[in-house]
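Student: Quick one: structure below, then a few questions.
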Amino acid sequence: MSMGRSGTDPRLTPRKRGSARIFLFAPCFVGALLVCTSCAPLSDPYPEKGAAKPRTLVREWKNGDTGATLDLRDKGKFTVKNLRAQYSSCSSGGLHTKSGQGTWKSLDVAGATSVVLDFSDGCDTTLYYGEESGDPVLYNSAEGADIVMKLT
């Protein structure tokens, strides 16, 4: 049997040639899908982000593992003890544990609430509101650090 000018079987119509190509690439697609799903993490350490009204946030939050406490009060005031987080806008920035007081505000973006803590010494950090097993949590994580500090 002779091939056409393009090197394809002339009996294959354009529709049949397209079908033949699918069979050629199908094993590649299945292989890539298997590789991608085997790389997925088994469990996500981060709580599911959610939205919260400011009055939901006003309370004392605690982390039993680290002893950290965060008291978010009305009128945007807070007090914190032993909060391990990524800090910025201050000379002692970076990942460390901090205690102090200052002002807080909540920001809602795309259905997720963030809580920004502005310390009286100029440092700031951001916590994220979420839910874990149906319970509200505030959490913070630091790039390059394998921690997820949760306050419940």
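The values are calculated or read from the model by the stated rules, or taken from the named source; none is laboratory data. Since we're looking at a predicted model, the values are computed, not measured. Virtual Cβ from ideal backbone geometry, glycine too; neighbours counted across all protein chains shown. With ligands, DNA and RNA removed, areas are computed over all heavy atoms of the protein, side chains included. Shrake-Rupley method; radii C 1.70, N 1.55, O 1.52, S 1.80 Å.
Student: For region 78-87, which positions are over 11 Å from Asp121 (Cβ atoms) and in contact with a Gly (Cβ under 8 Å, 6 or more places away or on another chain)?
Tutor: Phe78, Thr79, Val80, Lys81, Asn82, Gln86
Student: Looking only at region 109-122, how many residues end up being open to solvent by less than 70 Å² (accessible area, probe 1.4 Å) and either more than 14 Å from Val80 (Cβ to Cβ) or in contact with a Gly (Cβ under 7 Å, 6 or more places away or on another chain) (or both)?
Tutor: Of the residues in that region, 8 qualify.
Matching residues to (1) of a type in the set (Lys, Arg); (2) at pLDDT 90 or above; (3) touching an Asp or Glu at 6+ places or on another chain (Cβ under 7 Å):
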position: Ala52; (1), (2), (3): no, yes, no
position: Thr79; (1), (2), (3): no, yes, yes
position: His96; (1), (2), (3): no, no, no
position: Gly102; (1), (2), (3): no, yes, yes
position: Ser114; (1), (2), (3): no, yes, no
position: Asp124; (1), (2), (3): no, yes, yes
position: Ser133; (1), (2), (3): no, no, no
position: Ser141; (1), (2), (3): no, no, no
position: Leu151; (1), (2), (3): no, no, no
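Student: Output the residue which, of all residues in region 54-80 that are exposed (fewer than 15 other Cβ atoms within 10 Å of the Cβ) and assigned to a helix (DSSP H, G or I), is nearest to the chain's Cα centre (by Cα).
Tutor: Top of the filtered list is Thr56.
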